[in-house]
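Encoded as structure tokens, the structure appears first; notes follow it.
Quick note: the coordinates plus some simple rules give every number you see, no bench work behind them. Quantities reported herein were computed from a predicted structural model and do not represent experimental measurements. FYI the Cβ positions are ideal-geometry reconstructions off the backbone, even for glycines, and counts take in every protein chain you see.
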Protein chains: 4
Amino acid sequence: MSYARQLLDTYPASAGADTGVLAATIDALSDCAQACTADVDADLSEQNVAEMVTCIRLCLDCTDVCTATVGIISRPAACDANVTRPLLEACVASCKGCGDECERHARMHGHCRVCAEACRRCEQACREFLAALK
Amino acid sequence: MSYARQLLDTYPASAGADTGVLAATIDALSDCAQACTADVDADLSEQNVAEMVTCIRLCLDCTDVCTATVGIISRPAACDANVTRPLLEACVASCKGCGDECERHARMHGHCRVCAEACRRCEQACREFLAALK
Amino acid sequence: MSYARQLLDTYPASAGADTGVLAATIDALSDCAQACTADVDADLSEQNVAEMVTCIRLCLDCTDVCTATVGIISRPAACDANVTRPLLEACVASCKGCGDECERHARMHGHCRVCAEACRRCEQACREFLAALK
Amino acid sequence: MSYARQLLDTYPASAGADTGVLAATIDALSDCAQACTADVDADLSEQNVAEMVTCIRLCLDCTDVCTATVGIISRPAACDANVTRPLLEACVASCKGCGDECERHARMHGHCRVCAEACRRCEQACREFLAALK
């Protein structure tokens, strides 16, 4: 069981959300932030770096948005939907854009294939969490 | 002139936005992220820390959202409005909520007064940048 | 297999370190950063919040140091030991301090017990990675 | 007067350091983190992006280290020198490495010249703060 889940299971207040969905979203966001960071460095190591510029930018954005979101939803006690909802929407859009671009390079570059998977999983988790918020 | 402005003035591509508005938003976001971080620590130093819990949480959220946003808009070359717009909306909501709460403590705690000012300025800058995006 | 490991296995350059050790450190750092973030919020939900102030501060510091470190070591291609080594040392000290404090509250607060575990695992992983660096 | 300084001047506890030196270091770190983020995007916009790869990597590292450091020293109440000292050393090394590389591109690329200045100022501020810590 992930630490995120264990922390939610020992949380002294109500997390205001299904802890299974919340923990899965937290884990997907952490993974995606790290995968995008690593993919930037892998892209920079490719010979055709000029062709990877869009991918690098989208990965950098995705890391920033996922990092903020994992912070916010890891503090569920006083969740403000006016913050959380648009942030998750930004996350969905960022993961979608980054996942699409990584997929374009997936056959050539294994690291982009892995990063695309992390983005897809995170996009899906954020969509489910958003649906649960409403 | 801030480094943010100097970097935009030497930027090799189009920043896709008025550089004055963009630089002012970047500076306001950086300032707000730091002010909220410092205000958390100041709140934790108060004798009535139990009364500061809401303020602490809102400051933590505000730091995370502002930090992500300053990252995203500092890379203007390939700005995706589907990411930037909701992120700025999350920022406006977070700065509004945090600024309101800090203002409630402003008479008692000078650090909350300063933090409220940083939040108000950031909220206003993000609103102007959002208006310019549309 | 974690995404961190999968990305290292598809990395186009040499990671300059044993990929098993590196991936384990990355995963431990990500987990610890999130656990400390969540523990802050759980601490703030406790009735005896005044007694949790030291724990909150150490968790905030630990999140910041672990987040930076996971970023740096996720870009192994051009690792500069003059940066990585002191950063890992800061991480070890931060995880040690935070783990010790969390352990003091572990019997009372399950979330501190979980956070202490995440800190211990991360401290150990950083020590092993440091040893491998030398 | 910067918000960092105003917050230190209204801080309810001892900051454990000269507030002028501390505020200057905080401001230099915030500026450097943002300058490096912006320089990455500017580098990615250059035609000779393959020649900018080292600069991009050093800027990414410098942003991460400076962001962590500004967080840690913005919470001065319970500063642990075993964390702060190596973190500042990592910052000095990162700013030095990034500033040197940016300077190599300074004639060709104005944004690298600005970023080099931000790195130099931050390196110097961290050195002074380190000296004051001892």
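Scanning segment C:28-47 for residues that are touching a residue at least 40 places away in the same chain (Cβ under 8 Å) and among the charged types (D, E, K, R) gives C:D31, C:D39, C:D43, C:E46.
Looking across A:R120, A:R127, A:R113, one residue alone is of a type in the set (K, R), free of Cβ contacts under 8 Å to residues at least 40 places away in the same chain and at the interface with chain C (Cβ under 9 Å from one of its Cβ atoms). It is A:R113. Restricting segment B:3-21 to residues that are in contact with a helix residue (DSSP H, G or I) (Cβ under 6 Å, 6 or more places away or on another chain) and part of a helix (DSSP H, G or I) leaves a set whose member that is nearest to B:A131 (Cα to Cα) is B:V21.
Any residue at all in segment B:48-58 that's over 28 Å from A:L88 (Cα atoms), free of Cβ contacts under 8 Å to residues at least 12 places away in the same chain, more than 18 Å from the chain's Cα centre (by Cα) and at the interface with another protein chain (Cβ under 7 Å from one of its Cβ atoms)? Yes, there is a match, as at least one residue in segment B:48-58 is over 28 Å from A:L88 (Cα atoms), free of Cβ contacts under 8 Å to residues at least 12 places away in the same chain, more than 18 Å from the chain's Cα centre (by Cα) and at the interface with another protein chain (Cβ under 7 Å from one of its Cβ atoms). Scan segment A:10-32 and tell me whether some residue there is at the interface with chain C (Cβ under 7 Å from one of its Cβ atoms) and closer than 23 Å to B:P76 by Cα. Checked against the condition, which is being at the interface with chain C (Cβ under 7 Å from one of its Cβ atoms) and closer than 23 Å to B:P76 by Cα, segment A:10-32 yields no hits at all.
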